[in-house]
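Structure first, commentary second.
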Amino acid sequence: MSCHRPEAASPAQHAASGLDHNPFARMQPRAPAPTPQALKNGARVKANDVLPQGVYLPNYNVLTPHMRSPEYVQMSTAAAITLGIMKGRMYRCECTRCLNLLLTYPEGCRANCAYCGLARHREAERDYADRNFIRVDWPAVPLDATIDIVARDGAASPFHRMCISMITHPRSDADAVTVLKKWTDRIDPGTIPVSILSNPTTMARADVKRLHELGADIFTVALDAATPGIFDRTRGKGVQSPHSWAKYWEILMDAREIFGPQKFGAHIIVGMGETEHDVLALVQKLVDLGGHSHMFCFFPERGSLMDHLPATPRDQWRRVQLARYLIDYRGVRVEQMSFDGEGRVTGFGIPQNELDDVIGAGIAFRTSGCPGKFREDVSACDRPYGDSPPSNIASFPFQPNRRDIGKIRRQLRVVERKN
Ligand code: SF4
């Protein structure tokens, strides 16, 4: 008979054999290059003014049509395949359970976040609707046609949740409301609940309240950065971007009051220069406030201001994933965990046999986000390969099997001991 007893090696031990985390000094974004005046604000698309005809699949060899929300929205490649408007198959995934509807305008997002493929500094290089975002293309689809398909499928829809993803644009607040109204007119939010991925920079408390009154279920704020310093460097003054940590927290606290416990959360990208302790202290703070954290593993998005930087090493990511799951769903507190001098997790605060069970169950390593219909700790938002290639999965968009768990244990540097 064999049993598995995980035994964590000290991070300091394997640090000696190579860098096992992304330190702050290394994760400096490039400065954005200036955009020629003639190419600013979607000028090329507006000048060509090509009439959109149905679904637009990103293709930078043809003229990008002039598409705008609320008539048009973009959706992930995974959502387009699931909806049946794009052909394709996904590695080990039948479908995605979350329909992300991203607002779209020729002017694009007016922010310049360093890790993001949609950022403004790409204006000269690529039209907004053609930009890659979380590693994939985002087809543009008429909103009404999208709603028709989901309404026709009714309770049999593969989607467990819809998420309106706002961007930094003067129309974004009003159009998020229109998309939500059009959706709830045809689709019962009890059948497919709606999340809002907000854009705090353009929002006031009244906007949060309106979205709640109109039937949105969960409100999230993409803090993305785990500390104010990283926030400023990657999405604020450091890259000529308009966001501020204080404004993001103001809207997050509004969402806490308006949406209530378990109905608000924050996105955090792991591996942009914070310590593991920094990110887990933030996870704990969110839990103490009554909310959740949704984690992303930093990946150098092609065309972004951080595309020259390393993806988060898998051992750093796995430690944070595991610790975050314990804090979010197992009642473990960050104060029970132990950390080394560089803030890396050295102990998870629970007995080894319990830790082994959690690792073995695999849920901690699945994509995190707003829940679907399977269980509270399994996210509808599975974002297939949004933060890694399929060859070295960071967030599992499916239940990891025994082989996957074996790989995760090796990445966590826990050894399987046979008795
Ligand atoms: S606000 Fe959001 S969409 Fe816009 S650049 Fe930043 S991360 Fe990207």
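On the protein heavy atoms, probe 1.4 angstrom, tell me the percent of accessible surface of region 93-139 carried by carbon and sulfur. Provide the component values of the computation, followed by the final result.
Values: 480 of 1100 Å².
Percent of accessible area from carbon and sulfur atoms in region 93-139: 44.
Rounded, prolate or oblate: which fits region 232-317 when a ≥ b ≥ c are the square roots of the eigenvalues of the alpha-carbon gyration tensor, with rounded for a/c under 1.5 and prolate only if a/b beats b/c? Mind dumping the intermediate values first?
Numbers: a/c = 2.40, a/b = 1.44, b/c = 1.67.
Here region 232-317 falls in the oblate category.
Write down the accessible area per residue of region 68-126 in Å², having rolled a 1.4 Å probe over the full set of protein chains.
Numbers: 2020 Å² over 59 residues.
Result: 34 Å² of accessible area for each residue.
Express in nm, to one decimal, how much length is gained between ASP307 and ALA43 on full extension, taking 0.36 nm for each residue of separation and deducting their alpha carbon distance.
Values: separation 264, 0.36 × 264 = 95.04 nm, distance 2.56 nm.
Extra length available between ASP307 and ALA43 comes to 92.5 nm.
With the cut-off at 1.5 for a/c, could you classify the chain from its C-alpha gyration tensor as rounded, prolate or oblate? Can you show the working numbers first?
On the way: a/c = 1.66, a/b = 1.44, b/c = 1.15.
Verdict is prolate for the chain.
Can you give me the distance in nm between label points at LYS182 and ARG333, each placed 7 Å from the Cα along the Cα-to-Cβ direction?
4.8
Just going by the charge dipole of region 101-237, with Lys and Arg at +1 and Asp and Glu at -1 on Cβ, which of LEU223, GLY117, LEU180 is farthest out on the positive end?
Working it through, the farthest residue towards the positive pole turns out to be LEU223.
Counting alpha carbon pairs within less than 8 Å and at least 6 residues apart, what relative contact order, in whole percent, applies to the chain? Write down the numbers at each step before the final one.
Numbers: 852 pairs, mean separation 83.0, N = 419.
Once normalised by length, the contact order is 20 percent.
Leaving out ligands, DNA and RNA, and with a 1.4 Å probe, what % of the accessible surface on region 234-391 is carbon or sulfur? Walk me through the numbers on the way to the answer.
On the way: 2830 of 5400 Å².
Here it works out to 52 percent.
In nm, what is the difference between 0.36 nm times the number of residues separating ALA174 and MET253 and their Cα-Cα distance?
Numbers: separation 79, 0.36 × 79 = 28.44 nm, distance 2.11 nm.
Here the answer is 26.3 nm.
Suppose every K and R has +1 on its Cβ and every D and E has -1 on its Cβ; what is the size of the dipole of the chain about the Cα centre, in Debye to the nearest 20?
Working: 53 positive and 46 negative charges, 141 e Å.
Value, rounded to 20: 680 debye.
Please find, in a Gaussian network model of the chain (springs between Cα atoms separated by less than 10 Å), the residue of ASP387, ASP185, ASP404 whose mean-square fluctuation is greatest.
With Cα springs under 10 Å in the chain, the top fluctuation among ASP387, ASP185, ASP404 is at ASP185.
Using the basic label-point model (7 angstrom from Cα toward the beta carbon), what is the ARG89 to ALA33 distance in nanometres?
That separation, rounded to one decimal, is 4.0 nm.
Rounded to the nearest 0.05, what FRET efficiency do ALA145 and LYS237 have when you use their Cβ-Cβ distance and R0 = 30 Å? Could you put the intermediate results ahead of the total?
Details: r = 41 Å, r/R0 = 1.36.
Calculated transfer efficiency: 0.15.
How much accessible area per residue does region 197-276 have, in Å², with a 1.4 Å probe? Could the numbers behind the result be given before it?
On the way: 2780 Å² over 80 residues.
It amounts to 35 Å² per residue over region 197-276.
By its C-alpha gyration tensor, with a ≥ b ≥ c as the square roots of the eigenvalues, how is region 349-419 shaped: rounded for a/c under 1.5, else prolate for a/b larger than b/c, else oblate?
On the way: a/c = 2.49, a/b = 1.45, b/c = 1.72.
Because a/c hits 1.5 or more and a/b fails to exceed b/c, region 349-419 counts as oblate.
So what are the radius of gyration and Dmax for the Cα set of region 293-415, in Å?
Answer for region 293-415, Rg first and Dmax second: 14.4, 44 Å.
Rounded to the nearest 0.05, what FRET efficiency is calculated for ASP153 and ASP404 with R0 set to 41 Å and r the Cβ-Cβ distance? It would help to have the intermediate numbers written out before the result.
Numbers: r = 30 Å, r/R0 = 0.74.
It comes to 0.85.
For the chain, what does -39500 (n - 2.57) per DSSP helix run (n ≥ 4), summed and divided by total residues, give at 222 nm, in deg cm²/dmol to the nearest 500? Before the final figure, lay out each step's value.
Values: 12 runs with 126 residues, N = 419.
It comes out at -9000 deg cm²/dmol, rounded to the nearest 500.
Report the Cα centroid-to-centroid distance between region 75-133 and region 326-340 in angstrom, as an integer.
Centre-to-centre distance over Cα atoms comes out at 34 Å.
Using only the alpha-carbon atoms of region 49-101 as identical scatterers, what base-10 log of I(q)/I(0) does the Debye formula give at q = 0.12, 0.20, 0.26 Å⁻¹?
Values, matching the q order: -0.32, -0.79, -1.08.
The values are calculated or read from the model by the stated rules, or taken from the named source; none is laboratory data. Just so it is clear, the model here is predicted, and its values are computed rather than measured. Don't worry about glycine lacking a Cβ; one is built from the backbone with ideal geometry, like all the others, and counts go over all protein chains shown. Heads up: the accessible areas ignore ligands, DNA and RNA and are worked out on the full protein's heavy atoms, side chains in. Shrake-Rupley method; radii C 1.70, N 1.55, O 1.52, S 1.80 Å.
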